[in-house]
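Worksheet for the structure shown next.
The values are calculated or read from the model by the stated rules, or taken from the named source; none is laboratory data. Nothing here was measured: the structure is a model prediction, and the numbers come from that model. A quick note on method: Cβ atoms are made from the backbone with ideal geometry, for glycine too, and the neighbour counts reach across all protein chains shown. What goes into the accessible areas is simple: the full protein's heavy atoms, side chains included, and nothing from ligands, DNA or RNA. Shrake-Rupley method; radii C 1.70, N 1.55, O 1.52, S 1.80 Å.
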Amino acid sequence: MIRVLLVDDQALIRGGFRALLEAEDDIEVVAEAADGERALALALEHLPDVALIDVQMPVMDGIEATRRIAADERLSDVHVVILTNYGLDEYVFDALRAGAGGFLVKDTEPEDLLQGVRVAARGDALLSPAITRRLIGEYVARRPEPEPAGLDVLTNREREVTALVARGLSNDEIAAHMVISPMTAKTHVSRAMTKLRARDRAQLVVLAYESGLVVPRGGRPR
């Protein structure tokens with residue numbers, strides 16, 4: 001059973017998501033919160049598999065709540081998914097940097113929301129990779145200089161894998177591209193995440209963009 005924490009300051013949105021999620025046999029909403037501070041307390045109490053968190057809320061916003069969840073070892077198995085609108089690209093980027101595993105737009109199709117929750121619970125690939133890459137790319141493109149991310153600790157193979165992750169490829173797709181086994185691809189990804197201290201694939205994508213390893217808008221990687 002996938003245990004979900006819903007965090008949004010609008011009761012109507014929480015109610016709609018709860019009804020949709022609890023109609024599934026493998027998903028259970030264990031708690032709801034209207035602000036980030038309450039969300040932290042409930043996360044510690046219930047230890048959900050997935051926390052669906054809105055960005056803009058009173059008391060404590062979703063970005064700070066995400067940052068605190070990611071920093072708390074007791075919550076290391078909680079996968080944060082940010083709930084957002086298309087116009088909040090900078091907030092999405094900051095949330096990914098804070099430790100969110102991905103995001104979903106609030107008007108997403110029901111089947112996409114359900115699939116997103118299941119993907120997040122597995123700790124698998126970044127949610128909505130094409131949209132996420134576009135938003136990150138557009139935001140990073142406005143920065144004057146890339147920020148160093150310590151990529152010198154990676155082997156050439158790990159750098160190549162990191163770049164492919166940032167372009168939205170799954171482990172199976174990376175394996176096919178590099179002509180290696182899926183298990184080897186998974187090992188390279190895991191080692192890159194460990195060396196860069198990335199919580200998940202989402203943060204690996206952010207680091208790849210920040211370092212200039214992947215260049216936004218079709219540029220050539222370093």
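Structural remarks
- Evaluating Gln115 against the criteria (1) free of Cβ contacts under 8 Å to residues at least 24 places away in the same chain; (2) of a type in the set (S, T, N, Q); (3) open to solvent by less than 50 Å² (accessible area, probe 1.4 Å); (4) part of a helix (DSSP H, G or I) leaves one unmet condition, (3).
- Some residue of region 71-79 being within 30 Å of Tyr209 (Cβ to Cβ), open to solvent by less than 50 Å² (accessible area, probe 1.4 Å), modelled with pLDDT under 95 and not charged (D, E, K, R): yes
- Enumeration of residues in region 54-69 that are assigned to a helix (DSSP H, G or I) and in contact with a strand residue (DSSP E or B) (Cβ under 7 Å, 6 or more places away or on another chain): Gly62, Ala65, Thr66, Ile69
- Looking across Ala31, Ala39, one residue alone is assigned to a helix (DSSP H, G or I) and of a type in the set (Gly, Ala, Ser). It is Ala39.
- Taking region 26-42 as the range and being surrounded by fewer than 15 Cβ atoms within 10 Å (Cβ to Cβ) and more than 17 Å from Ile2 (Cβ to Cβ) as the test, only Ala41 passes.
- Looking across region 169-199, the residues that are open to solvent by less than 50 Å² (accessible area, probe 1.4 Å), modelled with pLDDT under 90 and farther than 19 Å from Asp152 by Cα come down to Leu169, Ser170, Asn171.
- Verdict on Glu45 being charged (D, E, K, R), touching a Gly at 6+ places or on another chain (Cβ under 7 Å) and either open to solvent by less than 10 Å² (accessible area, probe 1.4 Å) or more than 15 Å from Ala121 (Cβ to Cβ) (or both): no
- Among the conditions (1) open to solvent by 50 Å² or more (accessible area, probe 1.4 Å); (2) modelled with pLDDT of 95 or more; (3) more than 14 Å from Ala120 (Cβ to Cβ), Arg3 misses just one, which is (3).
- Some residue of region 84-95 being crowded, with 21+ Cβ neighbours inside 10 Å, under 24 Å from Glu111 (Cα atoms), β-branched (Val, Ile, Thr) and free of Cβ contacts under 8 Å to residues at least 40 places away in the same chain: yes
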